[in-house]
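Have a look at the structure below before the remarks.
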Amino acid sequence: MPNNNVIVLAGYHWRQAEMKGNELGNIVYVALNMTSACNYQCSYCFVGLKNLKAARDELVLGDKLRVIREAKECGVRVVSIPGRGEPMADRNFWDILEEMKRLGLWLVVYTNGYLLDSDRIKQLKDFPVSLYLKVDSFDPDIYEQMVGKQGVFERLRRNLDVLLEHFHEPKIDGDRIITRLGINSVVTTQTAESIPTIHRWCQNHGSYYTCRSPVKVGEAAITWDMLVQDQAERLRAIGQQYTARNFTSSTELGQCGIYLFGITVDNNGEVLVCPDAHSDFGRIGNVKESSLRELILRRNEKFPLNLASGYCFVKARMNS
């Protein structure tokens, strides 16, 4: 589907003028982390490989549904599940989908795609959901090296083909193509040569594409020299060249949508400035103890927002 239209992901497709404020600020998104369990061992994992297991203090289904309902009352239109682990490994995943559909909210799911199959993909088509798959390379060896697991690439490749056939229906909206299928890559010294191929695949199929260099948190803080070596500027430039926008949730002005127009609830209920902000930047509070409305106001007071294009809260503090 080669053309000159801008490709945007449904859920992150709002025009800048639509990001209207309310008494809580410009709240459009809530990022809700699900389980910490994950079937991959990515070398750049932002939570760290030692943390990739279900935690005893994770929110139960009732807590998650309450957060979503409170988010709706606060003006939120989109729930994003970036996932400390793999969102589709959470036993509450389909219950969350049902509640989203009932409330008329859109869901953006970040997934490695492995737990999909033909039946689940066809089932997802009937829900208000966009899928955002992590794909760092179409080279099986490089892909499996980055995710830390052997024998998984072929399943991902089959799932991409099924997604194109049974889920992916990009729609023209003026000068834009709105799609429910996105691909996100991490640009490292290992994956850098793969990025143009993935970008071309997305352009040809009308799929949203973003890529960026690693954030120095979690596992990447340990593997930084291997991932980046002395090529930080080169990797950053590749990300800027091939990515659709500065961030996965980027606005038309190049701002991080979830940071600037949302709030993040971690899987234990702790409220974070953004999904990557797992280091101790200062506690905001927990949804088990306070309402989401209170916590949004507290976040706004504790961490005044930076409106600059390209500003990343975590990178500004961790990558220097």
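Figures for the structure shown
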{"quantity": "Accessible surface of residue 243 - all protein chains present, 1.4 Å probe, nearest 10 Å²", "calculated": "20 Å²"}
{"quantity": "Å² per residue, accessible surface of the range 41-138 at 1.4 Å", "calculated": "41 Å²"}
{"quantity": "Farthest positive-ward along the chain dipole, Cα basis, beta-carbon charges - from 33, 237, 162", "calculated": "33"}
{"quantity": "For the range 187-320, size of Cβ-based charge dipole, Lys and Arg +1, Asp and Glu -1, in debye", "calculated": "260 debye"}
{"quantity": "Among 207, 188, 227 - extreme Cα towards positive end, dipole of the range 127-239, charges at beta-carbon", "calculated": "207"}
{"quantity": "Extension gain (nm, one decimal) between residue 101 and residue 225, 0.36 nm per residue minus Cα-Cα", "calculated": "40.3 nm"}
{"quantity": "Cα-centre dipole for the range 1-132 with unit charges at Cβ (Lys and Arg positive, Asp and Glu negative), debye to 20", "calculated": "100 debye"}
{"quantity": "Virtual spin-label span in nm between residue 237 and residue 50, 7 Å along Cα→Cβ", "calculated": "3.7 nm"}
{"quantity": "Estimated [θ] at 222 nm from DSSP helical runs (n ≥ 4, -39500 (n - 2.57)) normalised by residues in the chain, nearest 500", "calculated": "-9500 deg cm²/dmol"}
{"quantity": "Spatial extent of the range 69-203: Rg and Dmax, with the Cα atoms as the point set, Å", "calculated": "15.7, 46"}
{"quantity": "Fraction in percent of alpha-carbon pairs per bin - 20 Å, the chain", "calculated": "34, 62, 4"}
{"quantity": "The chain - share of DSSP beta bridges that are antiparallel (%, nearest 5)", "calculated": "20 percent"}
{"quantity": "Given charges at Cβ of Lys, Arg, Asp, Glu: the range 1-139 dipole, positive-most of 42, 133, 109", "calculated": "109"}
{"quantity": "Most mobile of 197, 248, 264 in a GNM of the chain (Cα contacts under 10 Å)", "calculated": "197"}
{"quantity": "Cα gyration tensor, the range 196-300 - rounded (a/c under 1.5), prolate or oblate", "calculated": "oblate"}
{"quantity": "Unit Cα scatterers, Debye sum, the range 231-272: log10 I(q)/I(0) for q = 0.24, 0.26, 0.34 Å⁻¹", "calculated": "-0.80, -0.84, -1.06"}
{"quantity": "Contour excess over end-to-end distance, with Cα ends at residue 286 and residue 18 and 0.36 nm allotted per residue", "calculated": "93.6 nm"}
{"quantity": "Violating pairs (Cα-Cα greater than 28 angstrom) within the set 101/288; 72/149; 171/216", "calculated": "72/149; 171/216"}
{"quantity": "Nonlocal amide H pairs with residue 264, under 5 Å, H built at 1.01 Å", "calculated": "31, 272"}
{"quantity": "C-alpha center-to-center spacing [the range 260-320, the range 97-120] in angstrom", "calculated": "24 Å"}
{"quantity": "Prolate/oblate/rounded label for the range 33-138 (Cα gyration tensor, a/c 1.5)", "calculated": "oblate"}
{"quantity": "Estimated dipole of the range 188-263 in Debye, rounded to 20 [Cβ of Lys and Arg +1, of Asp and Glu -1, Cα centre]", "calculated": "180 debye"}
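The values are calculated or read from the model by the stated rules, or taken from the named source; none is laboratory data. These numbers come from a predicted model, not from an experiment. Note: ideal-geometry Cβ built from the backbone for every residue, glycine included; neighbour counts use all protein chains shown. When the accessible area is computed, the model is the full protein with side chains, heavy atoms only, and any ligands, DNA or RNA have been set aside. Shrake-Rupley method; radii C 1.70, N 1.55, O 1.52, S 1.80 Å.
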